[in-house]
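The values are calculated or read from the model by the stated rules, or taken from the named source; none is laboratory data. Note that the coordinates shown come from a computational prediction; the quantities given were computed from them, not determined experimentally. Every residue, glycine as well, gets a Cβ built from its backbone with ideal geometry; the counts of neighbours run over all protein chains shown. Quick note on the areas: whole protein, heavy atoms, side chains included, nothing else; ligands and nucleic acids left out. Shrake-Rupley method; radii C 1.70, N 1.55, O 1.52, S 1.80 Å.
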Amino acid sequence: MLLVKVLLVFLTVNQVISQSKRGNKASSKTVLQGKEIVPPGSEEQSIAVPGIPSVNVSLLARTLTPTRSSIFPPLPEQKTSDDMRLYLLKNTQVTCNDGTTAGYYLRETKGSKRWIIFLEGGWCCYSKETCDLRYKNVKRLMSSADWPRSRRGIGILSSRQDENPHWWNLNAVFVPYCSSDVWSGNISKSKNDFAFMGSAIIQEVIRELVPRGIKQAKSVILAGSSAGGTGVLINIDRVASLVEEMTADTVQVRGLVDSGWFLEAKQGKSDCMDGASCALTDAIKRGLKLWNGALPEKCRQQFKKEDEWQCFYGPKSYTSMKTPIFVVQWLYDVEQLRIENIQPDFQFMTANQWNNIQSIGRELKKSLREVPAVFAPACFSHTLITTSNWLEFQVKGVTLSRALQCWTKSFQDRKGQKTVVRGCPFHLIDNCQWPHCNPTCPALHDPVTGQEVTLLQMFLRISIENQRRGQEPKGDMNQLMAMLRNGG
């Protein structure tokens, strides 16, 4: 019976390829844009992850290259009106890991009373050995010494209206990640081999922006991707309190968390000998002591001191959070899979691995049910809001930009109530049960040939491989075929 199903799938593939390419043509260009740099000794860990060709899923390795596509492309030396200009902090005691002064990039828009402050991502280090390795291989995430004088905003930080229709004309701030502490640390270099001042950097940036116009702001968005997104969860209530203290109490402060909503691993590695294999929980536990981590007070009160690390996980920190947030989260985030020790190489994947991936997607979906503002496509990928093609992805026919606009409108129309305005949704979670079932997902690529591959082609590989083992992926094959014929 299985052989008959496989033949049916094979006959359907050609029909589905054309539909898949229509949804993925533009995004495939972005996916192939970045080049993966694998650190010495870790070549064997490089695997194929749908949505990113030939990706090393180690979060430590991710710090060595941009994720999916560069947040900012290389710039010519001359500055244009669209560029964000570098400002080093006036308070030189607030530093990067190596003691150089931290800073931020700013593009001011005359007359605008809206601000977005973006926290860069890039994993962390949690011991002298991992920090030394990080400094050797990716110095820009630990030092401001070689930062360019200006950068160009992309995605939600872009000043181009066609690329960023809702927020193109606000005041944009990009805060480079150079503290390696998931934006939580508060200890100077004089007391350690490295400084860890992520939390202090955010606070100091806010203070320096007051005379530049935040004092008269109507809204301030603290945003971040990956570790920067987790940094938003850790810092948003403190930022809201500081803004309220330093400005008029009419300023609305909100958070935007992109790919930083992690779940505690059920089957991740516990080996913490090196950065590539250390499970997230173990890294955070060790890091908190090294960083002198400053966690949200209300979240800390929920746990014993030895369990405070749980505040780094979205579902745990959200329950005690006061400030409204919007969560952008791929349901099959490749970094969440790494945390679970799952390496989705579709050339050799077993049915058990496929079923585990589906289970993680269900858990992520469940964890987001009570969050009023969500955009969660059922795709394999990582980070979204600072990619040039971020407008191409949809959930239930709604783009992220439109959902964010609806979310903003809900505060204006309902005076801060977390309710959906009729005809303007912002709680958007994919309902389809298969990984990568959303027709607007990033293109998938064969890890060997680099050619685009459809979900059905990969499912066919899994089916053939698992015939010999007496296993079969969970789910109704006929339902999958019908879903893809109808565009998801």
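Here are the numbers for the structure shown:
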quantity	calculated
Pairs with Cβ under 7 Å, 6+ apart, first in segment 252-273 and farther than 22 Å from LYS322 by Cβ, second assigned to a loop (DSSP other than H, G, I, E, B) and modelled with pLDDT under 80	ALA265/ALA279; GLY268/ALA279; LYS269/SER277; LYS269/ALA279; SER270/ALA279; ASP271/SER277; ASP271/CYS278; CYS272/CYS278
Filtered residues of segment 170-222 (kept if open to solvent by 10 Å² or more (accessible area, probe 1.4 Å), assigned to a strand (DSSP E or B) and farther than 16 Å from SER143 by Cα)	SER219
Residue in segment 405-425 that is over 26 Å from SER219 (Cα atoms), in contact with a strand residue (DSSP E or B) (Cβ under 8 Å, 6 or more places away or on another chain), surrounded by fewer than 18 Cβ atoms within 10 Å (Cβ to Cβ) and modelled with pLDDT under 95 present	no
Long-range neighbours under 6 Å by Cβ, at least six apart or interchain, first residue within 21 Å of ALA351 (Cβ to Cβ) within segment 435-452, second modelled with pLDDT under 75 and not in a loop (DSSP other than H, G, I, E, B)	HIS436/LEU455; LEU444/VAL453; ASP446/VAL453; PRO447/ALA48; PRO447/SER54
Sole residue being surrounded by 24 or more Cβ atoms within 10 Å (Cβ to Cβ) and either of a type in the set (Gly, Ala, Ser) or more than 22 Å from the chain's Cα centre (by Cα) (or both), chosen from SER159, SER226, SER144	SER226
Close pairs (8 angstrom Cβ cut-off, 6 or more residues apart or separate chains): within 24 Å of GLY122 (Cα to Cα) in segment 192-212, open to solvent by 20 Å² or more (accessible area, probe 1.4 Å) and of a type in the set (Val, Ile, Thr) anywhere	ALA195/ILE187; PHE196/ILE187; MET197/ILE187
Neighbours by Cβ (under 9 Å, 6+ apart or cross-chain): first from segment 361-374, on the phi < 0 side of the Ramachandran plot and in contact (Cβ under 8 Å) with a residue 12 or more places away in the chain; second open to solvent by 70 Å² or more (accessible area, probe 1.4 Å) and charged (D, E, K, R)	GLU363/LYS266; PRO372/LYS418; ALA373/LYS418
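Matching residues to (1) in a loop (DSSP other than H, G, I, E, B); (2) within 25 Å of GLN216 (Cα to Cα); (3) hydroxyl-bearing (Ser, Thr, Tyr):
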site	(1), (2), (3)
TYR87	no, yes, yes
ILE116	no, yes, no
GLY122	yes, no, no
CYS131	no, no, no
TYR135	no, no, yes
ALA145	yes, no, no
PRO148	yes, no, no
GLU163	yes, no, no
TRP168	yes, yes, no
